[in-house]
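All remarks here apply to the structure that follows.
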Amino acid sequence: MLSSAGALFGCLAGETIFYTGFEPGDATPGRLDAALAELRAALFLAGEGFAGIKPQGRSECRTADLAATRGGEEYLFEVRWVSGGFGADAVKKLSAKCERKAAQLRAALKRAPAGRGGVVFVAGPLFPAAAWRGPDLDSAARAVHAAQPRSGLHVCLLAGDASAVFPPWPAGGNGPKNS
């Protein structure tokens, strides 16, 4: 994952994790997992036809985690690692998390011309597994979005080797979908 993300960001694999704002020696519980989730989300977005994917790093002002373009439009993304996976009550938990992340994203989108973006939830474990065994991701993404219906806001769920996006991306991406 580090090598692939390094190629995407144009840096060495060993430097990639620091592009997320992760600091060496940061022992905050879940911080390393959150940084790895951002890398996983960036690789997912590349497979979905996004280009120019750049981590935004951490700052005191609220900002998005990732910026990217698709079909000539700029998008901003907030990424959230979900340590326990999605589970049976995924929609309820993710809707609450989406509300908080969407608020952060709205603040960043005020400075973005197109106002497009999304919240990407990455379920643990972070590395793709052979098959996802859990709730139907398409239905869950649709239901989480329904709780936060905003124009230009997409809900992305990544779990193992499975993914879902709602609403679907507009036609006209930057290249073929690789996933």
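Rule-based calculations on the coordinates, nothing more; no lab input. Bear in mind that the values here come from a model prediction, so they are computed numbers and not experimental data. Every residue, glycine as well, gets a Cβ built from its backbone with ideal geometry; the counts of neighbours run over all protein chains shown.
What aspartates and glutamates sit close enough to K93 to cross-link, taking a C-alpha to C-alpha distance under 20 Å and skipping anything fewer than 8 places away on the same chain?
Excluding near neighbours in sequence, the set is D33, E38, E78, D136, D138.
What is the distance, in nm, between label points placed 7 Å from the Cα along the Cα-to-Cβ direction at S83 and at A51?
Reported label-point gap for S83 and A51 is 3.9 nm.
Search the structure for amide H atoms under 5 Å from the amide H of R116, placed 1.01 Å from N in the peptide plane, and list their residues when 5 or more places away or on another chain.
Here L76 satisfy the definition.
Quick one: which of 4-10, 64-70, 20-26 comes out on top by average Cβ neighbours within 10 Å, and what's the full order, highest first? Don't skip to the end; give the middle numbers.
Numbers: 4-10: 16.9, 64-70: 22.4, 20-26: 13.7.
Those peptides, ordered most packed to least, come out 64-70, 4-10, 20-26.
For K110, go through the lysines and keep the ones whose alpha-carbon is under 25 Å away, minus same-chain ones fewer than eight residues off.
Hits, sequence-local ones excluded: K54, K97, K101.
E15 versus S151, label points 7 Å from Cα toward the beta carbon: distance in nm?
4.1
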